Amino acid sequence: MTLFARAILPVLFAISSGPVLALSCLPPDVARTYNFAQESEDRFVVVYGELSFDEVKLPQTDWENQEATPPDTFIPATLKGQSLDQTGFAKPFVQEITMNARCFGPWCAGGTSDLDYLAFLKETDEGYLLELDPCGGMAFVQPSKETLNKVKACFQGKSCNEDSLK
């Protein structure tokens, strides 16, 4: 089951069984996200750096008209930091990227500009895409040293189990 399916499955169940009262998400886990990216047919680059974007462009739910909440909101952003290679976060990375702030029903991705993010960027024909959703998506805001060490270990082929940080 994909990371997306595991995150959205509780939402779909709730929608099909009556009114949605809350969104239930799996706790963020960098190993799970790494493994999802690794198993994907898409190509990803892992970057640690400062993400800058216009927060006003993030989707807002109109609670009186929830059906009007867009499923995808594409926002231009800049990511300045280092991409991951075998030695760690060592390769300079300064790129204009696109953020997709996704919504699951009325619940939408949020974010704060000008903070450090560990981002799993999908390589597309148009450039790099960072997908965020109400459950976190493909980014970790202000990741701990342990989180950064874990994704480095995953990249180096060492243990990459979801529970190995606990």
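The values are calculated or read from the model by the stated rules, or taken from the named source; none is laboratory data. Given the structure is predicted, the values throughout are model-derived calculations rather than measurements. Please note: Cβ atoms are built from the backbone with ideal geometry, for glycine as well, and neighbour counts cover all protein chains shown.
Summary of values
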{"item": "So GLN82, is it under 19 Å from LYS145 (Cβ atoms) and modelled with pLDDT of 95 or more", "result": "yes"}
{"item": "Selection status of LEU118, in contact with a Ser or Thr (Cβ under 9 Å, 6 or more places away or on another chain), buried (at least 19 other Cβ atoms within 10 Å of the Cβ) and not small (Gly, Ala, Ser)", "result": "yes"}
{"item": "Residue satisfying condition, being among the aliphatic types (A, V, I, L, M), in contact (Cβ under 8 Å) with a residue 40 or more places away in the chain and either within 18 Å of SER40 (Cα to Cα) or touching a strand residue (DSSP E or B) at 6+ places or on another chain (Cβ under 6 Å) (or both), within set LEU118, LEU129", "result": "LEU118"}
{"item": "Residue in the range 38-59 that is part of a loop (DSSP other than H, G, I, E, B), at pLDDT below 90 and touching a Gly at 6+ places or on another chain (Cβ under 9 Å) present", "result": "no"}
{"item": "Hits in the range 62-101 (condition: free of Cβ contacts under 8 Å to residues at least 24 places away in the same chain, among the polar types (S, T, N, Q) and either farther than 22 Å from GLY49 by Cβ or not in a loop (DSSP other than H, G, I, E, B) (or both))", "result": "ASN65"}
{"item": "Number of positions in the range 122-145 that are charged (D, E, K, R) and either crowded, with 19+ Cβ neighbours inside 10 Å or touching a helix residue (DSSP H, G or I) at 6+ places or on another chain (Cβ under 6 Å) (or both)", "result": "3"}
{"item": "Filtered residues of the range 93-115 (kept if among the aliphatic types (A, V, I, L, M), surrounded by fewer than 16 Cβ atoms within 10 Å (Cβ to Cβ) and within 21 Å of THR33 (Cα to Cα))", "result": "LEU115"}
{"item": "Which numbered condition SER113 fails, given (1) hydroxyl-bearing (Ser, Thr, Tyr); (2) at pLDDT below 95; (3) assigned to a loop (DSSP other than H, G, I, E, B)", "result": "(2)"}
{"item": "Among the residues listed as ALA90, ALA37, ALA31, the single one being loosely packed, with under 13 Cβ neighbours inside 10 Å, closer than 20 Å to LEU148 by Cα and either touching a His at 6+ places or on another chain (Cβ under 7 Å) or small (Gly, Ala, Ser) (or both)", "result": "ALA90"}
